[in-house]
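*Asks:* I'd like to ask you about the structure that follows.
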Amino acid sequence: MSKAGSKILGTFFFVLLIFLLFYLILLPKKMIKKSITKIELTGNKFLLQNDYLKQTKLLGISDYNELSLAVIKDRLEKHPYISKVDVETKGKEIDVYITERKMIALILKGTELYFVSDNFEILPLMSNTKLIDLPVISNPNSGEKTKPFSFIKDEDLLDAVKIIETTKLIDNTMPNRLSEINLRNGGDIILTFSGYPVPVILGKGEEARKMVYLESLWKNQNLNDMVKNTSYIDLRFAGNIYIGPTSAGQNTGTIE
């Protein structure tokens, strides 16, 4: 064979090799395109699957294979309610396992509701969000702006968070019973508990100590019986619980 013929043959095999290489690189993508049909999301409580996919621009995509698993993971992890995402292909689905952020309270400012996360970040309430059982912090100081994606710095809001965290330390049932922390625009704090007949005037300052007093009241059957015919409990005075008024006048319980 002449040198020219050998050169042409060599060029032909080189081009064929390049073609086969590209074919092998592109083949898996074509195969995946034929198999993946939808995204299946689990671990969600705050939003339905379609709401998460819609808000992260993953809903209604005709061909999920145009997106890599890394892109899907990144989009979901940027959602404010999500802290962790694991993604994998399984059969004809892309399986997504999400871990949602831990929320500790809701803030009610006027007619607007916001989440408070466990690292004290204020998060917006997305449309169609399911409101799980969380205490509501109402009537924060009207002069303070509540900004989504900011961290709580207002002292009254921080006091409300302290109250929530204190309930978790002193009684197993108290966190679930606490339904509202009314900050009264900077005035004396008033607490409402589900299943408890009267509001609790907590005042301001020494919140942890006062919550311990309240827990002691719940355990003292004599004092607890006095609550049934009263209109409020007052914890603003050191070492004393004022229960009243009643038809017979004001009752006072002392915590030793």
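The values are calculated or read from the model by the stated rules, or taken from the named source; none is laboratory data. Small disclaimer: the values here were computed from a predicted structure and weren't measured. Here the Cβ is made from the backbone with ideal geometry for all residues, glycine too, and neighbour counts use every protein chain on show.
*Asks:* Restricting region 136-146 to residues that are of a type outside the set (Gly, Ala, Ser) and modelled with pLDDT under 95, which is surrounded by the fewest Cβ atoms within 10 Å (Cβ to Cβ)? Please lay out each step first, then the result.
*Replies:* From region 136-146, those of a type outside the set (Gly, Ala, Ser) are 136-137, 139-141, 144-146; that's our starting set.
Now narrow it down to the ones that are modelled with pLDDT under 95: 139-141, 144-146.
Details: 139: 20, 140: 25, 141: 17, 144: 16, 145: 10, 146: 17.
Looking at the filtered set, the residue picked out is 145.
*Asks:* I'd like the full set of residues that are on the phi < 0 side of the Ramachandran plot and touching a residue at least 40 places away in the same chain (Cβ under 8 Å), limited to region 91-102. So that I can check it myself, show each step before the final result.
*Replies:* Here is the first cut: in region 91-102, the ones on the phi < 0 side of the Ramachandran plot are 92-102.
92, 93, 94, 95, 96, 97, 98, 99, 100, listed by residue number.
*Asks:* Next question, about the same structure. Looking at region 149-203, which of its residues are farther than 16 Å from residue 104 by Cβ, assigned to a loop (DSSP other than H, G, I, E, B), touching a strand residue (DSSP E or B) at 6+ places or on another chain (Cβ under 8 Å) and not polar (S, T, N, Q)?
*Replies:* 149, 188, 198, 199 - these are the residues of region 149-203 that are farther than 16 Å from residue 104 by Cβ, assigned to a loop (DSSP other than H, G, I, E, B), touching a strand residue (DSSP E or B) at 6+ places or on another chain (Cβ under 8 Å) and not polar (S, T, N, Q).
Rundown of residues vs (1) modelled with pLDDT under 85; (2) under 21 Å from residue 243 (Cβ atoms); (3) surrounded by 18 or more Cβ atoms within 10 Å (Cβ to Cβ); (4) within 26 Å of the chain's Cα centre (by Cα), yes/no style:
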position	(1), (2), (3), (4)
125	no, no, no, yes
164	no, no, yes, yes
194	no, yes, no, yes
197	yes, yes, no, no
207	no, yes, yes, yes
221	yes, yes, no, no
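Yes/no matrix, rows are residues, columns are (1) over 15 Å from the mean Cα position of the chain (by Cα); (2) over 30 Å from residue 72 (Cα atoms); (3) acidic (Asp, Glu):
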| position | (1), (2), (3) |
| --- | --- |
| 92 | yes, no, no |
| 113 | no, no, no |
| 118 | no, no, yes |
| 138 | yes, yes, no |
| 187 | yes, yes, no |
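*Asks:* Among what's in region 43-68 and is surrounded by 15 or more Cβ atoms within 10 Å (Cβ to Cβ) and in a helix (DSSP H, G or I), pick the residue that is modelled with the lowest pLDDT.
*Replies:* Of everything passing the filter in region 43-68, 65 is modelled with the lowest pLDDT.
*Asks:* Looking only at region 166-184, count how many residues are at pLDDT 90 or above, in contact with a helix residue (DSSP H, G or I) (Cβ under 9 Å, 6 or more places away or on another chain), under 16 Å from residue 194 (Cα atoms) and polar (S, T, N, Q).
*Replies:* Looking only at that region, the number is 1.
*Asks:* From 107, 122, 137, grab the single residue that is under 24 Å from residue 175 (Cα atoms), part of a strand (DSSP E or B) and touching a helix residue (DSSP H, G or I) at 6+ places or on another chain (Cβ under 6 Å). Talk me through it step by step, then tell me what you get.
*Replies:* On the way: 107 fails: touching a helix residue (DSSP H, G or I) at 6+ places or on another chain (Cβ under 6 Å); 122 fails: touching a helix residue (DSSP H, G or I) at 6+ places or on another chain (Cβ under 6 Å).
None of the other options fit; the residue is 137.
*Asks:* For region 39-69, which positions are over 24 Å from residue 130 (Cα atoms) and either touching a residue at least 12 places away in the same chain (Cβ under 8 Å) or under 19 Å from the mean Cα position of the chain (by Cα) (or both)? Write out each step before concluding.
*Replies:* Let us first name the residues in region 39-69 that are over 24 Å from residue 130 (Cα atoms), namely 61-69.
Result: 63, 64, 65, 69.
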